[in-house]
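Below is one structure, written out as structure tokens, with a few remarks after it.
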Amino acid sequence: MNTLRNKVQLIGRLGQEPEIVTFKDGNKIAKFSMATDDSYKDKEGNKVERAFWHNIVIKGGLVNVVENYVNKGQEIAIEGKLTNRSYDTKEGEKRYVTEILANELLLMGSK
């Protein structure tokens with residue numbers, strides 16, 4: 001049952017080209033936003049569609065896959081875990097960010 005703790009699986013489309021960040025030690029991460037769709041019927045029976053945006057971070061060997069094969073608009077599936085971090089802006093304000101640290105990636109199709 002421990003393997004089910006903090007596990008996220010999403011299928012969606014990239015909202016932007018992946019950003020590849022290279023660190024001084026040569027390690028890389030890939031960051032991008034991903035949209036998932038949801039729909040429901042309102043009180044009048046009209047279908048309402050909405051998109052939810054998720055911040056995705058990828059480390060390790062999967063960064064090369066993202067760098068070479070993943071583009072804006074492409075449908076992908078990811079599996080990972082929720083992470084939270086905070087940082088201070090230049091103005092001294094504390095900001096909080098929730099991200100999904102993906103450890104698996106599946107290319108679903110073309111744009």
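Worth pointing out:
- Within the range 77-111, tally of residues that are within 16 Å of F32 (Cβ to Cβ) and not acidic (D, E): 15
- Flag for N84 being without any contact (Cβ under 8 Å) to a residue 40 or more places away in the chain, closer than 20 Å to K7 by Cβ and either acidic (D, E) or surrounded by fewer than 15 Cβ atoms within 10 Å (Cβ to Cβ) (or both): yes
- Against the list (1) touching a residue at least 40 places away in the same chain (Cβ under 8 Å); (2) assigned to a loop (DSSP other than H, G, I, E, B), the condition G45 fails is (1).
- Considering residues of the range 56-111 that are in a strand (DSSP E or B) and in contact with a Phe, Trp or Tyr (Cβ under 8 Å, 6 or more places away or on another chain) only, the residue nearest to E17 (Cα to Cα): I56
- Among the residues of the range 36-55, not a single one is aliphatic (A, V, I, L, M), closer than 16 Å to L105 by Cα and either surrounded by 13 or more Cβ atoms within 10 Å (Cβ to Cβ) or in contact with a Lys or Arg (Cβ under 9 Å, 6 or more places away or on another chain) (or both).
- Taking residues in the range 11-38 that are at negative phi, and partners anywhere that are of a type in the set (A, V, I, L, M) and assigned to a loop (DSSP other than H, G, I, E, B), the pairs with Cβ atoms closer than 6 Å and at least 6 places apart or on different chains are P18/V70.
Every read-out reported here was derived from the displayed coordinates using simple, explicitly stated rules and does not represent laboratory data. Here the structure is a predicted model, which is why all the values come from computation and not from measurement. Methodologically, a virtual Cβ is constructed for each residue, glycine included, from the backbone with ideal geometry; neighbour enumeration extends over all protein chains shown.
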